[in-house]
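Asker: Okay, here's the structure, questions in a sec.
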Amino acid sequence: MKKIHVLFASLALILNSFVKAGEPLSLDKPGGFMVGCNYWASHAGLMMWRDWQPGIVEDDFRQLAEANIKVIRVFPLWPDFQPICQHYSSGGSLREIRFKDRPLPEEGIESTGVSVQALGHFKEMADLAEKYDIRLIVGLVTGWMSGELFVPPALEGRKILSDPVSLMWQIRFVRTFVKQFKDHPAVLAWDLGNECNVMERIDGREAAYLWTASISNAIRAEDKSRLVISGMHGLKSSVSEAWKIQDQGELTDVLTTHPYALFTPYAGLDARNSIRTTMHSAAETRLYADVSGKPCLAEEIGMLGPMEANESVTASFARTALFSLWANDCRGFLWWCAYDQNHLQFPPYEWSAVERDLGLFRTDRSPKPVANELMNFSRFLNKLPFRELPVRNTDAVCILSEGQDQWAVAYASFILSKQAGFDIKFSHVDQKLQESGLYLMPSVNGMSSISRQKWLELLERVKQGAVLYVSGDQGYLSHFVGPAGIDIVSRQARTGKAVVRSLDDKSLQFEISAESRCLIRTESARVLAVENNNNPVFTVNQYGKGKIFFLAVPMESDLSKTAGAFNETSPPYWKIFKTLADEAGIKHEVVRDNPFIGVTEHDLSQTEKIVVAVNYSVLPQEVTLRTDAKWSISEIVYGDRPVGNKFKIAPNDALVIRMTGSQAR
């Protein structure tokens with residue numbers, strides 16, 4: 001029965017994969033998007049190079065091609081491809097670095113410590129990929145994988161990223177490998193390596209910068225035609241961080257996120273198909289792309305086995321994330337991993353339960369529901385009536401400042417702005433101030449959050465007509481209370497949560513954790529919300545031609561850390577952001593009226609636009625897309641037809657429509 005089940009499953013995949021040939025894959029083209037997975041051979045996992053079975057690899061590639069997987073990320077495990085060893089003489093002094101059984105030759109491939117046999121196995125794999133029209137993203141320095149560190153024996157015990165001996169041999173390996181495969185048509189891009197920033201607790205930004213530059217330059221010395229992908233995860237933008245988003249953007253061509261809910265702060269607080277978790281990948285990927293100025297893709301994404309979510313929830317999570325990443329110009333979605341690895345009896349699979357059941361396919365080769373989601377989304381992309389989705393329209397700039405938990409602030413701001421019906425771009429406080437009609441400075445914390453010069457520049461933008469929103473944590477700003485139209489009489493520690501109550505909207509009342517209370521007296525500002533003791537907590541003041549809003553509690557930082565904060569039963573925190581959008585005059589031809597439907601607009605031309613509406617909820621949602629009289633729906637690209645002007649969107653699903661009108665926004 002199992003063989004029959006597998007046969008029918010494979011036939012279903014074949015029948016569903018008859019789609020038109022797509023455009024050449026590209027990571028650096030705006031609107032481009034690729035669907036694929038990370039790959040270790042089904043029979044051996046990361047020991048595939050030591051147990052090389054080309055027949056099994058071909059079976060794997062055939063199945064992946066039938067599932068319409070066009071891109072896979074592959075890994076030449078470092079000690080298998082550069083198996084150099086140390087040999088010692090008297091007193092334990094190092095005599096020579098060589099192969100275990102013979103010296104390194106004076107010239108040729110093996111003079112760099114690289115195994116000709118391993119390169120031959122990779123060549124066989126690359127040829128099979130070409131045969132099945134699969135492109136390869138190659139993770140070059142694969143020394144960290146699935147919870148275990150792998151390094152050549154000669155380098156064991158060294159600081160892998162900063163030791164000069166280690167760095168020398170890495171450069172030799174990378175140059176040799178890239179030179180061998182730079183002309184192979186299956187290779188799409190070079191990845192520095194798998195999460196190399198985990199391989200050593202590196203001291204200082206300079207050391208991380210030097211390693212990244214060394215490996216990037218080694219790649220480009222041999223191949224200037226292909227993109228260099230960062231391959232890192234868990235990057236930050238603060239001045240105190242070693243692995244900075246800005247540096248990876250300077251030194252590589254494409255950044256990456258590995259947005260697992262379990263491993264990313266605050267992402268795993270709610271159900272795995274809830275708005276918090278399904279919006280995670282787009283929020284983090286846009287953060288990296290905006291701050292770096294480079295494209296970014298979700299290079300690893302997945303669910304860490306049946307203890308985290310069942311197969312149905314995993315599939316709904318993937319479906320939502322696919323549409324969300326695509327709509328927000330995040331260049332790809334690569335599932336981890338192609339095959340389950342629960343039959344393997346060696347580390348890291350022997351050690352870690354979360355590394356075993358992550359595949360699109362089970363060990364009997366039967367597809368999981370998530371495999372069908374990837375296949376269906378690939379079919380959707382191939383049938384689109386346009387080549388690439390134009391970049392989404394954005395409405396505001398979210399400035400991340402020093403001293404705060406930038407990921408917490410960015411995460412909540414991304415969700416709240418979506419719920420309020422507008423889209424944001426991220427910027428670090430040290431970067432050039434972008435033009436915008438609305439600036440957000442959420443959850444300001446510390447005494448050096450923004451430079452005097454940048455703050456005065458921001459105030460000047462407000463004078464000229466922009467709207468500025470500041471929410472406060474333990475933050476200090478000079479030249480603020482006057483422009484904000486308030487007097488902070490005193491600051492004191494809180495003994496409980498702050499209760500925020502809107503004076504205009506009875507539905508807007510909520511509690512927020514905050515370390516301190518600002519006792520506020522208004523000068524020229526208008527009070528929008530108060531605490532229980534009527535102390536003003538949300539104010540607005542005219543400043544020149546613009547306005548300054550001040551929320552005296554760190555709403556964004558706290559909501560990121562609060563389970564259930566964005567769910568259907570939570571208070572409508574997003575209405576604070578909706579107030580800002582209304583005051584800034586943010587208007588869309590398509591009006592969004594449901595906080596669980598994230599809507600993006602994409603201009604095809606002056607007279608055509610694409611609207612993507614993603615249901616981030618576990619419940620079916622209804623959205624009324626009230627359109628300006630100048631615009632009308634010309635085609636439903638994906639989703640059900642409306643009843644009147646109301647669309648119903650299934651849980652964790654989407655709607656894509658084409659509109660025509662007289663002018664773009």
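The values are calculated or read from the model by the stated rules, or taken from the named source; none is laboratory data. A quick note: this is a predicted structure, and the numbers were derived from the prediction, not measured. All Cβ positions, even for glycine, are placed from backbone atoms using ideal geometry, and neighbour counts span all protein chains on display. Each accessible area value is taken on the protein alone, full model and side chains, heavy atoms only, with ligands, DNA and RNA left out. Shrake-Rupley method; radii C 1.70, N 1.55, O 1.52, S 1.80 Å.
Asker: Can you sort VAL239, VAL313, VAL174 by 1.4 Å-probe accessible area, starting with the largest?
Answerer: Accessible-area ranking of VAL239, VAL313, VAL174, largest first: VAL239, VAL313, VAL174.
Asker: So what's the convex hull volume per residue for the Cα atoms of the chain, in Å³?
Answerer: For the chain, the hull spanned by Cα atoms encloses 174 Å³ per residue.
Asker: Taking amide H atoms as placed 1.01 Å from N in the peptide plane, list the residues 5 or more away in sequence, or in a different chain, whose amide H sits under 5 Å from that of ARG73.
Answerer: Long-range HN contacts for ARG73: CYS37, ASN38, TYR39, ILE137.
Asker: Where in segment 213-234 is the amide nitrogen less than 19 Å from a point lying 7 Å along the Cα-to-Cβ axis of GLN431?
Answerer: Those under the cut-off are 229-234.
Asker: Going by Cα centres, segment 216-231 and segment 409-478 are how many Å apart?
Answerer: Result: 35 Å between the Cα centres.
Asker: Find the Cα radius of gyration of segment 426-570, compare it with 2.2 N^0.38 Å by division, and give the number to two decimals.
Answerer: In units of the globular-protein estimate, segment 426-570 measures up at 1.03.
Asker: May I pose another question? How big is segment 486-553 along each principal axis, measuring the range of its Cα positions in Å and listing the largest first?
Answerer: So the three principal-axis extents are 38, 29, 16 Å.
Asker: Tell me whether segment 56-179 comes out rounded, prolate or oblate; compute the Cα gyration tensor, take square roots of the eigenvalues as a ≥ b ≥ c, and use a/c under 1.5 as the rounded threshold.
Answerer: prolate
Asker: Here's another thing I want to ask about it. From zero up to wherever the largest Cα-Cα distance of segment 337-444 sits, split into 10 Å bins and tell me the percent of pairs in each.
Answerer: Binned Cα distances yield the sequence 12, 24, 18, 27, 18, 2.
Asker: Also, quick follow-up: What number comes out for accessible area per residue over the chain if the probe is 1.4 Å? Units Å², please.
Answerer: Averaged over the residues of the chain, the accessible area is 39 Å².
Asker: Treat each spin label as a single point 7 Å out from the Cα along the C-beta direction, and report the GLU107 to GLU350 distance in nm.
Answerer: 4.4
Asker: Using DSSP H assignments, which helices in the chain have an axial alpha-carbon span of 15 Å or above and a mean Kyte-Doolittle hydropathy of 1.0 or higher?
Answerer: Correct list, ordered by number: 2-16.
Asker: For segment 419-497, treating each Cα as an identical point scatterer without solvent, what Debye log10 I(q)/I(0) comes out at q = 0.15, 0.19, 0.27 1/Å?
Answerer: Values, matching the q order: -0.61, -0.95, -1.63.
Asker: Stretched out fully, how many nm does the piece from ASN534 to ALA213 gain, at 0.36 nm a residue minus the Cα gap?
Answerer: 110.0 nm
Asker: What is segment 211-322 by shape, rounded, prolate or oblate, if you read a ≥ b ≥ c off the alpha carbon gyration tensor as root eigenvalues and call it rounded for a/c under 1.5, prolate for a/b larger than b/c, and oblate otherwise?
Answerer: Taking the square roots of the gyration eigenvalues as a ≥ b ≥ c, segment 211-322 is prolate.
Asker: What ranking of GLU523, GLU435, GLU601 comes out by heavy-atom accessible area, probe 1.4 Å, highest first?
Answerer: Order by accessible area, largest first: GLU435, GLU523, GLU601.
Asker: Can you list the lysines whose alpha carbon is less than 17 Å from that of LYS179, not counting same-chain residues fewer than 8 positions off?
Answerer: Counting by Cα, and skipping residues close in sequence, LYS179 has these lysines nearby: LYS123, LYS224.
Asker: Separate question: Work out how much length LEU503 to LEU519 would gain on full extension: take 0.36 nm times their residue separation and subtract the Cα-Cα distance, in nm to one decimal.
Answerer: Roughly 4.0 nm would be gained on extension.
Asker: Now for a separate question. Counting other Cβ atoms within 10 Å, keep those with at most 12, restrict to DSSP loop, and tell me which trypsin sites (Lys or Arg not before Pro) in segment 60-160 are left.
Answerer: Sparse-neighbourhood loop trypsin sites (Lys or Arg not before Pro): LYS100.
Asker: Under a straight-distance cross-link criterion of Cα-Cα below 19 Å, which lysines are reachable from LYS547, leaving out those fewer than 8 residues away in the same chain?
Answerer: LYS454, LYS463, LYS575, LYS578, LYS587
Asker: Can you compute log10 of I(q)/I(0) for segment 15-127 with the Debye formula, treating each Cα as one identical point scatterer, at q = 0.12, 0.23 Å⁻¹?
Answerer: For the requested q values the scattering log ratios are -0.62, -1.25.
Asker: Over the chain, with every protein chain in place, what whole percent of the accessible area is carbon and sulfur at 1.4 Å, could you tell me?
Answerer: That fraction is 50 percent.
Asker: Then there is this: Round to the nearest 0.05 the FRET efficiency obtained for SER605 and ASP640 when R0 = 35 Å and r is the Cβ-Cβ distance.
Answerer: Computed FRET efficiency for SER605 and ASP640 comes out at 0.85.
Asker: Going through segment 203-273, which trypsin sites (Lys or Arg not before Pro) have at most 14 other Cβ atoms within 10 Å and a DSSP loop state?
Answerer: LYS224
Asker: Then there is this: Could you give the Stokes-Einstein D for segment 591-665 in µm² per second, using the C-alpha Kirkwood radius, 25 °C, 0.890 mPa s?
Answerer: 198
Asker: Over all distinct Cα pairs, what is the inverse of the mean 1/r for segment 112-153, reported as the Kirkwood hydrodynamic radius in Å?
Answerer: 12.3
Asker: Mind checking which aspartates and glutamates have their Cα closer than 12 Å to the Cα of LYS561? Skip sequence neighbours fewer than 8 apart in that chain.
Answerer: Once the sequence-local aspartates and glutamates are set aside, what remains near LYS561 is ASP270, ASP405.
Asker: Let me ask you something else. Keeping all protein chains in place and using 1.4 angstrom, which order do MET441, MET447, MET47 fall into by accessible surface area, from largest down?
Answerer: Ranking MET441, MET447, MET47 by accessible area, largest first, yields MET447, MET47, MET441.
Asker: To continue, here is another question. Once you have a ≥ b ≥ c as the square roots of the Cα gyration tensor eigenvalues for segment 138-186, tell me rounded if a/c is under 1.5, and otherwise prolate or oblate according to whether a/b is larger than b/c.
Answerer: The shape class here is oblate.
Asker: Given a Förster distance of 41 angstrom, what is the FRET efficiency for ARG95 paired with HIS343, based on the Cβ-Cβ distance and rounded to 0.05?
Answerer: The pair ARG95/HIS343 has a calculated efficiency of 0.45.
Asker: So for segment 36-131: antiparallel DSSP bridges make up what percent, rounded to the nearest 5?
Answerer: 60
Asker: Hey, got a sec? Which chymotrypsin sites (Phe, Trp or Tyr not before Pro) in segment 442-508 land in a DSSP loop and have at most 16 other Cβ atoms within 10 Å?
Answerer: Counting only loop positions with at most 16 other Cβ atoms within 10 Å, the chymotrypsin sites (Phe, Trp or Tyr not before Pro) in segment 442-508 are TYR476.
Asker: Hey, another quick one. Can you say what percent of the DSSP beta bridges in segment 127-249, counting only those with both residues inside, are antiparallel? Round to 5.
Answerer: Taking every DSSP beta bridge with both residues in segment 127-249, the antiparallel ones total about 20 percent.
Asker: Could I ask something else about it? Calculate the length of the line joining the C-alpha centroid of segment 497-537 to that of segment 611-665, in whole Å.
Answerer: 36
Asker: To two decimal places, what compactness ratio does segment 148-275 give when its Cα radius of gyration is scaled by 2.2 N^0.38 Å?
Answerer: Its radius of gyration relative to the 2.2 N^0.38 Å reference: 1.15.
Asker: If you don't mind, there's one more thing I want to ask. Taking the convex hull of the Cα atoms, report for segment 537-660 its projected area averaged over all directions, in nm².
Answerer: Result: 9.7 nm².
Asker: At GLU457 and ASP59, where each label point lies 7 Å from the Cα along Cα→Cβ, what is the point-to-point distance in nanometres?
Answerer: Label at GLU457, label at ASP59, 6.0 nm between them.
Asker: Mind giving me the FRET efficiency for MET307 and ASN567? R0 is 35 Å, r the Cβ-Cβ distance, nearest 0.05 is fine.
Answerer: 0.95
Asker: Between ARG205 and LYS630, what is 0.36 nm times their sequence separation minus the Cα-Cα distance? Round to one decimal in nm.
Answerer: 147.8 nm
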